[in-house]
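To start, the structure itself, in structure tokens.
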């Protein structure tokens with residue numbers, strides 16, 4: 001059987017009015033230019049009361065490129081996942097380190113978690129309050145950096161380029177920080193939670209003279225309570241999501257904790273469709289046929305597409321090169337046949353414009369074959385002595401603007 005696999009990585013971009021960021025040089029933000037990172041741990045940024053009434057002091061860890069001479073750098077704030085029940089800021093340390101090496105100042109933050117009783121199981125009203133508390137905490141972290149930029153300027157942040165994101169619960173929080181505002185139609189229980197927690201800015205800090213606005217949001221398997229909260233003119237969004245995620249819905253559905261439904265949410269597919277309809281710059285990477293949740297983080301077949309994709313997405317905001325309102329940045333058509341196969345599989349690439357590496361992983365994620373610097377449009381992959389089973393083929397292109405291709409293959 002002959003199958004065609006097309007990986008489309010679409011970025012809908014509007015023409016940006018601002019000039020390129022002064023640090024843009026064609027390398028920074030796309031490549032690792034800072035091998036070493038300077039980390040400041042336990043930076044206090046706020047204090048507030050949890051759902052159960054406990055006082056919770058909030059801290060962040062801040063990562064800066066060591067040896068960077070730029071006077072203003074873009075900021076990326078990331079939040080961990082864990083269903084608003086578990087998790088800690090160090091969970092996001094590897095991503096912070098990675099993006100700092102590419103030229104960003106990054107921070108991983110605390111936020112208040114649910115510390116109430118699970119018997120009876122908390123309902124959507126309870127978790128609505130917990131999420132609103134977390135939103136206020138993330139907004140306080142944003143204001144902390146803007147206050148620093150206006151005063152001590154320890155971190156040399158360009159306050160015109162503040163990006164936020166997270167995984168799972170952290171992404172849910174970041175999406176609401178970016179898109180939920182007083183102009184939206186808000187359900188009564190959410191509005192009550194907002195009113196009880198200091199309004200839309202929250203009450204984690206008092207420095208509300210500083211803005212909590214952001215310029216883009218990175219959504220790793222998150223969702224919104226209502227995708228209609230995304231309005232025309234809102235900020236760009238990068239999303240990635242497993243298409244059969246049973247914890248945070250890819251489309252419409254209920255989030256779950258330990259199998260219990262919690263709150264109705266509208267996930268990455270609905271958010272991307274809404275953004276596209278409104279002309280908002282956006283990317284959606286879908287992990288197909290996957291029941292996992294944030295499966296791509298530890299999956300070598302998808303890591304490159306996701307984390308390099310974020311670099312390209314943000315680079316287009318910092319260093320815009322777009323001239324049209326809808327551009328397909330890169331797509332790769334690949335024919336893989338026969339699949340399943342007994343011994344040999346043929347791989348054909350159309351419109352080949354870059355050399356590439358061919359990598360094969362077994363079902364445990366272990367690399368079992370590598371061939372680099374390929375430049376032919378057709379190559380034969382031989383099973384050799386590999387046992388029968390499921391494998392994952394990955395093509396990685398030398399051109400950073402061409403997304404990797406992943407495909408499941410089977411040897412009988």
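Among the residues of region 337-394, count how many are assigned to a strand (DSSP E or B) and over 20 Å from residue 303 (Cβ atoms). Walk me through how you get there before you give the answer.
Let us first name the residues in region 337-394 that are assigned to a strand (DSSP E or B), namely 337, 341, 344-349, 356-362, 367-374, 378-382, 389-394.
Those still in the list that are over 20 Å from residue 303 (Cβ atoms) too: 337, 341, 344-349, 373-374, 378-382, 389.
Result for region 337-394: 16.
Sort out which residues of region 256-281 are crowded, with 22+ Cβ neighbours inside 10 Å and free of Cβ contacts under 8 Å to residues at least 40 places away in the same chain, and write them in order of number.
The answer is 272, and nothing else.
Residue by residue, here is whether (1) more than 21 Å from residue 234 (Cα to Cα); (2) over 17 Å from the mean Cα position of the chain (by Cα) holds:
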site: 82; (1), (2): yes, no
site: 86; (1), (2): yes, yes
site: 108; (1), (2): yes, no
site: 142; (1), (2): no, yes
site: 188; (1), (2): yes, yes
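Restricting attention to region 164-191, which residues are over 14 Å from residue 267 (Cβ atoms) and in a strand (DSSP E or B)?
164, 165, 166
Tell me, please, whether a residue that is farther than 20 Å from residue 83 by Cα and within 21 Å of the chain's Cα centre (by Cα) can be found in region 118-140. It would help to see each step written out before you state the result.
So the first thing to find is which residues in region 118-140 are farther than 20 Å from residue 83 by Cα, and the list is 140.
In the following step, the residues that additionally are within 21 Å of the chain's Cα centre (by Cα) were identified as 140.
Yes, because at least one residue in region 118-140 is farther than 20 Å from residue 83 by Cα and within 21 Å of the chain's Cα centre (by Cα).
Every residue in region 214-242 that is touching a strand residue (DSSP E or B) at 6+ places or on another chain (Cβ under 9 Å) and surrounded by fewer than 16 Cβ atoms within 10 Å (Cβ to Cβ), please.
228
Just a yes or no: is a residue in region 65-72 touching a residue at least 60 places away in the same chain (Cβ under 8 Å), buried (at least 21 other Cβ atoms within 10 Å of the Cβ) and either in a helix (DSSP H, G or I) or in the same structural domain as residue 165 (by TED's automatic domain parsing) (or both)?
no
Might you check whether a residue that is closer than 20 Å to residue 161 by Cβ, in the same structural domain as residue 104 (by TED's automatic domain parsing), free of Cβ contacts under 8 Å to residues at least 12 places away in the same chain and not in a strand (DSSP E or B) occurs anywhere in region 39-54?
Within region 39-54 (the criterion being closer than 20 Å to residue 161 by Cβ, in the same structural domain as residue 104 (by TED's automatic domain parsing), free of Cβ contacts under 8 Å to residues at least 12 places away in the same chain and not in a strand (DSSP E or B)), the answer is no, since none of the residues qualifies.
The values are calculated or read from the model by the stated rules, or taken from the named source; none is laboratory data. Just so it is clear, the model here is predicted, and its values are computed rather than measured. Neighbour counts are summed over all protein chains in view; Cβ atoms, including those assigned to glycine, are modelled from backbone coordinates with ideal geometry.
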